[in-house]
Amino acid sequence: MIIAANLKTNLTREKSVKYIKEVENFLEKNSISQEVLVFPAISNLNRHSGRVTIGTQNAYPTVNGAFTGEIGYEQLEEFGIKTILIGHSERRHIIGEIQEMLVKKFDFYKELGFKIIYCVGEPLEVREAGHEKMMEYISRQYAGIDVAYENLIIAYEPVWAIGTGLTPTLEDIVAIHKELKAKSSAPLLYGGSVKVTNAKEVLALDGVDGILVGSAALYVEHFCTMCEYAEILDK
């Protein structure tokens, strides 16, 4: 299973280093064999060696250049970063990234062999418009994306559930994951108000290959417990 923490715009560099060290110690102490990814704030990226894979929450599709406020491959290479999050709903709906830009990022970092965690999901108004409309909306997020890319991981995150405490029913998660599995054989994570109180149930569902955790992952002990749940379920 794959357990990923998106720390978003939280923690300082010092606190991020401490966080990752605590996760590493927990994985070693408890013999956790699952794949664990952590995406710290970009200013907190650091070269790291260990069980935890460090990824970037964002990067521009360039080696370097005149792109104020962005980072490119040159900056990621300095820290040995080869994993990237692309298409998160906050990048789509708050930052305003359109599909064309996401495809450019995907293609650029695919050519560099990055592990790509590509996010898809629907806002509440689309979900309430009915299942067919919802699937049409999500399908458009796959446009231009190489779903057969060997280093691809897909994360399904219903936008209306992120940070709200709301989650689809377990039956809904199974149903949507079944449909999305038909679009790509890549590992499929669930995200959207995953927390320590529901992670074990979600991880046990058919078609769920792991979880992408947002605000709940800021509690390092909670994130570690989720890693332990995955280990138990994988035996």
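The values are calculated or read from the model by the stated rules, or taken from the named source; none is laboratory data. It should be emphasised that the depicted structure is a prediction, and the values quoted were computed from it without experimental measurement. A quick note on method: Cβ atoms are made from the backbone with ideal geometry, for glycine too, and the neighbour counts reach across all protein chains shown. The protein model used for the area step is the full one, side chains on, heavy atoms only, and it has no ligands, DNA or RNA in it. Shrake-Rupley method; radii C 1.70, N 1.55, O 1.52, S 1.80 Å.
Annotations
- Total residues in the stretch 91-123 satisfying the condition of being open to solvent by 80 Å² or more (accessible area, probe 1.4 Å) and part of a helix (DSSP H, G or I): the figure is 4.
- Condition met for Arg51 (in contact with a Leu (Cβ under 7 Å, 6 or more places away or on another chain) and open to solvent by 60 Å² or more (accessible area, probe 1.4 Å)): yes
- Some residue of the stretch 22-34 being touching a helix residue (DSSP H, G or I) at 6+ places or on another chain (Cβ under 7 Å), surrounded by fewer than 17 Cβ atoms within 10 Å (Cβ to Cβ) and of a type outside the set (D, E, K, R): yes
- For the stretch 11-37, residues that are β-branched (Val, Ile, Thr) and not in a helix (DSSP H, G or I) total 3.
- Cβ pairs under 6 Å, 6+ apart, first in the stretch 53-81 and part of a loop (DSSP other than H, G, I, E, B), second open to solvent by 30 Å² or more (accessible area, probe 1.4 Å) and among the hydroxyl-bearing types (Ser, Thr, Tyr): Val63/Tyr73; Phe67/Tyr60; Glu70/Tyr60; Gly72/Tyr60
- Condition check for Ser193: touching a residue at least 40 places away in the same chain (Cβ under 8 Å), open to solvent by less than 50 Å² (accessible area, probe 1.4 Å) and assigned to a loop (DSSP other than H, G, I, E, B): no
- Lone qualifier among Leu166, Leu152 - being in contact with a strand residue (DSSP E or B) (Cβ under 6 Å, 6 or more places away or on another chain) and either in contact (Cβ under 8 Å) with a residue 12 or more places away in the chain or open to solvent by 50 Å² or more (accessible area, probe 1.4 Å) (or both): Leu152
- Of Arg140, Arg127, all but one fail to be in contact (Cβ under 8 Å) with a residue 12 or more places away in the chain, surrounded by fewer than 19 Cβ atoms within 10 Å (Cβ to Cβ) and of a type in the set (Lys, Arg); the exception is Arg140.
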